[in-house]
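The values are calculated or read from the model by the stated rules, or taken from the named source; none is laboratory data. All values reported here derive from a predicted model rather than from experimental measurement. Don't worry about glycine lacking a Cβ; one is built from the backbone with ideal geometry, like all the others, and counts go over all protein chains shown. Heads up: the accessible areas ignore ligands, DNA and RNA and are worked out on the full protein's heavy atoms, side chains in. Shrake-Rupley method; radii C 1.70, N 1.55, O 1.52, S 1.80 Å.
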Amino acid sequence: MERICQVADLFPGRGRFVVVGDHELAVFLIDGEVHVIENACPHMGGNLSAGQVHRGAVTCPQHNWPFDLATGRCPDSPDVTVRRFDAEIRSGVVFACLDEQPQGETQ
Ligand code: FES
């Protein structure tokens, strides 16, 4: 797992843009759980870290496609997913597995 950021850098219910190596990430703290997804929207590259969060989903600020933060899926189009990464909090620091296979993708 790679270090992503401090939990103290996150605002509950809002996204934060973080760059780790080659990864541009959107990090969210929702009800005490951390979610890490690729920042670029799979539609046209919108900045998901700037999206509104509601009921565990972030809405892309470009064209309002929602993405479930737990699965990466777009509820309106389940075949469309944003890459998400397993993440956890340890001693106030967010860690995520950035090199594993993409999750939430259909086969
Ligand atoms: S770029 Fe995200 S919905 Fe279009």
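Can you tell me how many residues in region 16-29 are open to solvent by 30 Å² or more (accessible area, probe 1.4 Å) and either in a strand (DSSP E or B) or in contact with a strand residue (DSSP E or B) (Cβ under 9 Å, 6 or more places away or on another chain) (or both)?
Summing the residues that are open to solvent by 30 Å² or more (accessible area, probe 1.4 Å) and either in a strand (DSSP E or B) or in contact with a strand residue (DSSP E or B) (Cβ under 9 Å, 6 or more places away or on another chain) (or both) in region 16-29 gives 6.
Can you tell me which residue among Met44, Met1 is of a type in the set (A, V, I, L, M), within 13 Å of the ligand (Cβ to nearest atom) and open to solvent by 70 Å² or more (accessible area, probe 1.4 Å)?
Just one listed residue meets the conditions, Met44.
Is it true that some residue in region 30-53 is within 18 Å of Phe95 (Cα to Cα) and more than 14 Å from the chain's Cα centre (by Cα)?
yes
What's the number of the only condition in (1) open to solvent by 50 Å² or more (accessible area, probe 1.4 Å); (2) within 16 Å of the ligand (Cβ to nearest atom) that Cys74 fails to meet?
Result: Cys74 fails condition (1) only.
Under 8 Å by Cβ, and 6 or more places apart or on different chains, what pairs join a residue from region 48-62 that is acidic (Asp, Glu) with one that is at pLDDT 95 or above?
none
Would region 84-103 turn up any residue that is under 10 Å from the mean Cα position of the chain (by Cα) and within 16 Å of the ligand (Cβ to nearest atom)?
Checked region 84-103: at least one residue is under 10 Å from the mean Cα position of the chain (by Cα) and within 16 Å of the ligand (Cβ to nearest atom).
Which one of these does Asp9 not meet: (1) of a type outside the set (A, V, I, L, M, F, W, C); (2) touching a strand residue (DSSP E or B) at 6+ places or on another chain (Cβ under 7 Å); (3) within 15 Å of the ligand (Cβ to nearest atom)?
All conditions are met except number (3).
Going through region 47-71 one residue at a time, which ones are in a loop (DSSP other than H, G, I, E, B) and either β-branched (Val, Ile, Thr) or within 11 Å of the ligand (Cβ to nearest atom) (or both)?
Gly51, Cys60, Pro61, Gln62, His63, Asn64, Trp65, Thr71 - these are the residues of region 47-71 that are in a loop (DSSP other than H, G, I, E, B) and either β-branched (Val, Ile, Thr) or within 11 Å of the ligand (Cβ to nearest atom) (or both).
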